[in-house]
Amino acid sequence: MDLDFTAEEEAFRAEARAWLATRVPAAPLPSLETAEGFAAHREWERTLSADRWSVVSWPEKYGGRGASILEWLIFEEEYYAAGAPGRVSQNGIHLLAPTLLEHGTAQQLARILPPMASGEVIWAQAWSEPESGSDLASLRSTAVRTDGGWLLSGQKTWSSRAAFADRAFGLFRSDRGDTNADKPHRGLTYLMFPLDADGVSVRPIGRLDGKPAFAELFLDNVFVPDRDVIGEPGQGWRVAMSTAGNERGLTLRSPGRFTAAAHRLTALWRSAADPSDTALRDRVADAVIGARAYQLFTYAGASRIAAGGAIGGESSLNKVFWSELDIALHETALDLLGPYGELSDTAGEAPAQGSWAEGYTFSLAGPIYAGTNEIQRDIIAERLLGLPKGRR
Amino acid sequence: MDLDFTAEEEAFRAEARAWLATRVPAAPLPSLETAEGFAAHREWERTLSADRWSVVSWPEKYGGRGASILEWLIFEEEYYAAGAPGRVSQNGIHLLAPTLLEHGTAQQLARILPPMASGEVIWAQAWSEPESGSDLASLRSTAVRTDGGWLLSGQKTWSSRAAFADRAFGLFRSDRGDTNADKPHRGLTYLMFPLDADGVSVRPIGRLDGKPAFAELFLDNVFVPDRDVIGEPGQGWRVAMSTAGNERGLTLRSPGRFTAAAHRLTALWRSAADPSDTALRDRVADAVIGARAYQLFTYAGASRIAAGGAIGGESSLNKVFWSELDIALHETALDLLGPYGELSDTAGEAPAQGSWAEGYTFSLAGPIYAGTNEIQRDIIAERLLGLPKGRR
Amino acid sequence: MRFLLDDEQQAFAHSLDGMLAAAGTPAVVRAWAAGNTAPGRDVWEKLAEAGVFALAVPEQHDGLGPLPVELTVAFTEMGRHAVPGPLVETVAAAAFLDRLGDDAAAAAWLPGIASGKTAASLCLLSESSPYALDAHAADAVFVVDGDAVRLAEAAGPVQPSADPARRPARPLGGTVLARGPEVTAAAEHAADVAALATAAQALGLGRTLLARTVEYARQRTQFGVAIGSFQTVKHRLADMLIALEFAQPLIQAAAVALAAKNPASGREIAAAKVAACEAACATARTALQFHGALGYTEELDLSLWIRKSRALRSAWGTPAACRARVLAP
Amino acid sequence: MRFLLDDEQQAFAHSLDGMLAAAGTPAVVRAWAAGNTAPGRDVWEKLAEAGVFALAVPEQHDGLGPLPVELTVAFTEMGRHAVPGPLVETVAAAAFLDRLGDDAAAAAWLPGIASGKTAASLCLLSESSPYALDAHAADAVFVVDGDAVRLAEAAGPVQPSADPARRPARPLGGTVLARGPEVTAAAEHAADVAALATAAQALGLGRTLLARTVEYARQRTQFGVAIGSFQTVKHRLADMLIALEFAQPLIQAAAVALAAKNPASGREIAAAKVAACEAACATARTALQFHGALGYTEELDLSLWIRKSRALRSAWGTPAACRARVLAP
């Protein structure tokens, strides 16, 4: 049992650190949930990609470095420690790409991955629908067979990044005959479509601070060619779920985010706080402990994968843990900031150029998306603890 | 809207305070969950009763002072502020007596109340059975009609005080024919019986610290005369519940206990704590705030009753609030006590002669008995907020 | 003792509730946030007509007060409807002027406050309090700096709050109105009144957040049943009710103590502030969680309540400062 | 990096688990609490045979260690079975003697500790630490007082703990064994080892508390269904699993750091201590609540785990002290 990095891994870390030290913008970019910020973040993706830092874990032929999970974790640690910008391409990189790498055709991979890596094409997810939040099995949007492809219709919502993104991916009900109350997951197809296609309307939705962090998508007979189906038609649910239990459980929120945030919080506490206020000190310590625990838990998971194991229900433990840690950490920061903690990220006097306020707003979504924490706790209780299902 | 006591109430307070100042034992009595402590507490009941302080809210003819709810609250505040002993007769006074006063015959009142007031007869409750904790409707112990009375059989458990008490009261299934799955509350009869009667076996059960705070009762054809039935046979459930929603909701745990405990905690904090430890300070403050809130909430309830209103679901709010307050308050005390916080109440070096340890152990039962806090939250959600029942 | 609102007080609450519901405050808040204060001033006038501001002004200056109990009743209703503007600050300024003992200053400002003509802001300047709320929309901005009070000349740039309806700014310049220990004493009194009003406002916010979430949980279905039938949802909402129900008597008792000039009133106010603001924040988090992504959107009016609840938590006394005061000897 | 126990370490855990399950520790704990240490010493011997104490003793004194990772593995299993006795203190005393640099003292005590013949206790005397645990049952009681260490002559009266199996007492008298800065340094090291072992023990306690409560919740019915199907029960138990699962890697990383003499090991140990003890205490509260009145009884063996979890929380580092250390520069 050890926590030692190899000489190669250390070299990789040094290379990443050196690159980031010269390239990370000195001031935070504008919020990526604004048009201006989105463009700036897209430009940053191009910069990352130019030196093959945008998708380090991908094969080299698609713009990556074939990095191991551990190297990916190292990169993320360095990335967030350097205060580098949020990743506007993350929906594509973390949600779509793993599925493509497992189920996509060679043609799809070659066509889709390189522009994703460079930020040329930025992807939005289109999972939810108005009547199905965490209950994906009740999806209603349809894909109807047509000559050479499919016609998509219906409504998607909470589509993050869709206000400014280029393309989106999601599940559509392609076979109504196969659906019944017992098997609502059947008859779904995984499809990709352009957000500027005929028949697509995008209505941005403002999040708590008013920024259009997501959108509603209205689809009316949107044509999608067969080449933009992932996996077999009708097997979309299985295709989507097959990558939910692998590394994605580890990589949805990288530990580097939280170790870096805890580090910034500690620095803020040392510089700004009353050292005799042990109540605040305890909360700062808990954030540091939590971030370290999350990092170590992830190292253990990565070690298990490296040893041939798999990640299953642990990803639910992960989800609840980081989302609660993130909120607690940011609330502590706001309390440390006294009267400035109230300010919006757009205020001229907002500390750290608004990044604490932006981070807090962002953190509040954590317990809601990617399966609410209530659903995650149900999963933990039933799958990891073996408690009976019950009607909740 | 005011918080003013009348001159009469202030005089009542002064009288109680003066009496307590001279009579309260200087050192805490031994734990009332021991044989020695039980006897000492019984003796204390006699002392209280001699000057008519044991049951101030009862009519004078039964040993009380006919005090109003507000006077009762005043008495309790003075009582606990004076550090007076726990009330070994509380099961009788708070659970049995209100029912008797509403449903008992004149003969029963005259026969039962005075010796309860004096501590000559100490009552245990016998509500629960092994298979029915918070689910009283599933009671199985039986009362079978016999000449001039009833024969009780079955098993009761978690009977607090029963290890040393004289008599007990509880519900028994008297009419099996009337029972069905839909109306499990029917056919129950409210009966009183002596713990030393033929056919009664008492098996003391140790609580967490080993003291026999409750007992199992085994009943085998125990004869109870008709005069010891309260209300109509078969109506026991209704009889028992009819007093659950009145003042009892206010008086199960009197605010005086918590204001006094918060006061002692504050004194401990001032004398023993590192004043720069604001984390502990915040917890002490929360205990003070909680105790004050509970006191004021009770004043509001008493005012509502005085104005002709009733107490309903609020008693569930009460239950959850005081039980959580009690634990938090005692945990804070233990943390303040440093290495001495670990000690059992029997340790020679236990601070405050063990009363913090005893109080902590006692507090841990709070969220469990008198309807678990989970059940109380169900009640609050359904009755006060109007949320749907669901299968939990 | 009659620790209950009387019929008149309840009727007052009820009529404010009805008036504010009819005023459609969400649109008023959105306008205020966008810099358009006109709809807010219309509501302000209605509040003045109902006597809200007069409650903070003594009779000799055309007021009805000071009546702290009625003030908390009014602020609970204003919180329930998330009314924007320097409401707390105006009432605190009135308390300041009333206590200052400067007849000219009192006569200059108090009648206008009572009638609703004058919206005021107040900044008790310190490292932890650099801003005046909604100074841009106030007719008078008082700044207490040490033992002097000045009338600010202008406000610096608005520093938007996480609550879009709160627009703090640094007050600039101005002439000294008074100086001396009576300024300090009046400022302490004003801070108490402000903290109490904020607590009541937070309680009202929490009440609405809970009521809306209960309503939503009864309607919204997931997995075929109303989410309000899930035990986790039920229990967490029950905990919110408990927190709010036990905060309310603390607010009322603090108001009674303030009315009686009870020396413990500062401690009582601090206790009420902590309890009400913690309850409102917890309820906001719960409301957000159980509304799901919908609660996270700006377009749902609920967001106006959610965002305000966090801002009020530190306004006019952080939780830490209040807890310290509860235990002050 | 391979941040996982290897096969040998897992087999070691498994065999300790089996041995302790077979030993029937609840009866051993009850005997220990009643002052009968004989069954406890039998278990002690078995632990020694399995090599547990040798893990804390260097090879030149007949040990196998120091091996902090394996020690935490062993303490997790001992916690899982609530083994009584001065386990932590014996291992901490070994660490102290190993680090002291006094060959005679090391030779006098370490072989006996490694073989299981010697149970030791250790008191790092201060205002917040007046007692030695189970001094009455120890063959040697070391007391560090300032920069001197003495071998106590006797123990004062036992001060029963809320955990009946913990029997602290003030160590009395005794001759000075050594004095100087190396005593202080060795004591600091011993305190780290003790805190780490305590954290691992707490994790084991928590694991058992959770497992037993899950088992009970699956069997116990109320209102016609298993209480484990109530969402509140499920979610709270899920939270306990989260707390325990995230405490474990902190313990393991702290052990790795201690083994590597990493200067950050003190901080890592403090973090592990807080997380593991808070998790164990929360799990104990949950276990108590969901077992209902049954959990509150002394006769249910679970009470032995419940009562120990609170005592360990402050032993060898209070939560506040540990959090301060996590942030120490």
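The values are calculated or read from the model by the stated rules, or taken from the named source; none is laboratory data. Quantities reported herein were computed from a predicted structural model and do not represent experimental measurements. Every residue, glycine among them, receives a Cβ derived from its backbone with ideal geometry; neighbour counts consider all protein chains shown.
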Q.
Given the criterion among the aliphatic types (A, V, I, L, M), in contact (Cβ under 8 Å) with a residue 24 or more places away in the chain and either away from chain A (no Cβ under 14 Å) or buried (at least 20 other Cβ atoms within 10 Å of the Cβ) (or both), identify the matching residue among C:A155, C:A187.
A. C:A187
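Among the residues of the range D:34-51, write down those that are of a type in the set (A, V, I, L, M) and either touching a residue at least 40 places away in the same chain (Cβ under 8 Å) or surrounded by fewer than 13 Cβ atoms within 10 Å (Cβ to Cβ) (or both).
Matches in the range D:34-51: D:A34, D:A38, D:V43, D:L47, D:A48.
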Q. When you scan the range D:237-246, how many residues do you find that are more than 7 Å from chain A (Cβ to nearest Cβ) and either outside any helix (DSSP H, G or I) or of a type in the set (G, A, S) (or both)?
A. 1
Q) Within the range C:26-33, is there a residue that is away from chain B (no Cβ under 14 Å), on the phi > 0 side of the Ramachandran plot and surrounded by fewer than 24 Cβ atoms within 10 Å (Cβ to Cβ)? A) no
Q | Residue check, D:V83 assigned to a helix (DSSP H, G or I) and either touching a residue at least 40 places away in the same chain (Cβ under 8 Å) or farther than 22 Å from D:A135 by Cβ (or both) | A | no
Q: Look at the range A:354-368 and say how many of its residues are on the phi > 0 side of the Ramachandran plot and under 12 Å from the mean Cα position of the chain (by Cα).
A: 0
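One line per residue, one yes/no per condition, for (1) surrounded by fewer than 23 Cβ atoms within 10 Å (Cβ to Cβ); (2) within 23 Å of D:E268 (Cβ to Cβ); (3) at the interface with chain D (Cβ under 7 Å from one of its Cβ atoms); (4) of a type in the set (F, W, Y):
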site	(1), (2), (3), (4)
A:P275	yes, yes, no, no
A:A291	no, yes, no, no
A:L296	no, yes, yes, no
A:A306	yes, yes, no, no
A:G309	yes, no, no, no
A:G313	yes, no, no, no
A:S316	no, no, no, no
A:K319	no, no, no, no
A:D326	no, yes, no, no
(Q) Take D:L250 and tell me if it is at the interface with another protein chain (Cβ under 7 Å from one of its Cβ atoms), in contact with a Lys or Arg (Cβ under 8 Å, 6 or more places away or on another chain) and without any contact (Cβ under 8 Å) to a residue 60 or more places away in the chain. (A) yes
Q.
Being surrounded by fewer than 21 Cβ atoms within 10 Å (Cβ to Cβ) and in contact with a Lys or Arg (Cβ under 9 Å, 6 or more places away or on another chain): is that true of D:P171 here?
A. no
Q | Condition check for D:A280: within 14 Å of chain A (Cβ to nearest Cβ) and either of a type outside the set (D, E) or out of contact with any His (no Cβ under 6 Å at 6 or more places or on another chain) (or both) | A | no
Q | Those residues of the range A:334-372 which are hydrophobic (A, V, I, L, M, F, W, C) and more than 7 Å from every other protein chain (Cβ to nearest Cβ), in sequence order | A | A:L334, A:L336, A:L337, A:A350, A:A352, A:W356, A:F362, A:A370
**Q.** Answer from B:Q353, B:Q376 - the residue that is touching a residue at least 12 places away in the same chain (Cβ under 8 Å), surrounded by fewer than 20 Cβ atoms within 10 Å (Cβ to Cβ) and of a type in the set (S, T, N, Q)
**A.** B:Q353
Q: Hey, could you check the range C:220-236 for residues that are at pLDDT below 90 and part of a loop (DSSP other than H, G, I, E, B) and say which is nearest to C:T286 (Cα to Cα)?
A: C:F223
Q.
So, in the range B:100-121, exactly how many residues are surrounded by fewer than 21 Cβ atoms within 10 Å (Cβ to Cβ) and outside any loop (DSSP other than H, G, I, E, B)?
A. 12
Q. Going through the range C:1-25 one residue at a time, which ones are more than 11 Å from C:V73 (Cα to Cα) and crowded, with 16+ Cβ neighbours inside 10 Å?
A. C:M1, C:R2, C:F3, C:L4, C:M19, C:L20, C:A23, C:T25
(Q) Being assigned to a helix (DSSP H, G or I) and touching a Gly at 6+ places or on another chain (Cβ under 6 Å) is true for just one of D:L258, D:L250, D:L210, D:L205. Which residue is that? (A) D:L205
Q. Restricting attention to the range B:373-390, and to residues there that are small (G, A, S) and in a loop (DSSP other than H, G, I, E, B), which single residue is nearest to the other protein chains (Cβ to nearest Cβ)?
A. B:G390
Q | In the range C:223-233, the residues that are crowded, with 24+ Cβ neighbours inside 10 Å and either free of Cβ contacts under 8 Å to residues at least 60 places away in the same chain or under 19 Å from B:S316 (Cα atoms) (or both) | A | C:G228, C:F230, C:Q231, C:V233
**Q.** Failed condition for A:L113, given (1) at pLDDT 95 or above; (2) touching an Asp or Glu at 6+ places or on another chain (Cβ under 9 Å)
**A.** (2)
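One line per residue, one yes/no per condition, for (1) closer than 25 Å to D:V29 by Cα; (2) in contact with a His (Cβ under 6 Å, 6 or more places away or on another chain); (3) facing chain A (nearest Cβ under 10 Å); (4) touching a residue at least 24 places away in the same chain (Cβ under 8 Å):
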| site | (1), (2), (3), (4) |
| --- | --- |
| D:L210 | yes, no, yes, yes |
| D:T221 | no, no, no, no |
| D:H235 | no, no, yes, no |
| D:A254 | no, no, yes, yes |
| D:G266 | no, no, no, yes |
| D:I269 | no, no, no, yes |
| D:F290 | yes, no, no, yes |
| D:Y296 | yes, no, no, no |
Q.
Please count how many residues of the range A:25-42 are more than 20 Å from the chain's Cα centre (by Cα) and surrounded by 18 or more Cβ atoms within 10 Å (Cβ to Cβ).
A. 0
Q) Is it the case that the range A:10-31 has a residue that's within 14 Å of chain D (Cβ to nearest Cβ), without any contact (Cβ under 8 Å) to a residue 12 or more places away in the chain and under 27 Å from D:F3 (Cβ atoms)? A) yes
Q. In the set B:E77, B:E9, B:E45, which member is under 30 Å from C:V73 (Cβ atoms), modelled with pLDDT of 95 or more and buried (at least 19 other Cβ atoms within 10 Å of the Cβ)?
A. B:E77
Q | Where a residue in the range C:6-21 is of a type outside the set (A, V, I, L, M) and its partner, wherever it lies, is modelled with pLDDT under 95, with Cβ under 8 Å and at least six apart | A | C:D6/B:M1; C:Q9/B:M1
Q: Give the range D:304-329 a look and list any residue that's over 11 Å from D:L205 (Cα atoms), crowded, with 24+ Cβ neighbours inside 10 Å, more than 14 Å from the chain's Cα centre (by Cα) and within 11 Å of chain B (Cβ to nearest Cβ), or say none.
A: D:R323
Q. When you go through (1) outside any helix (DSSP H, G or I); (2) more than 25 Å from B:I122 (Cα to Cα) one by one for B:A14, which number turns out not to apply?
A. (1)
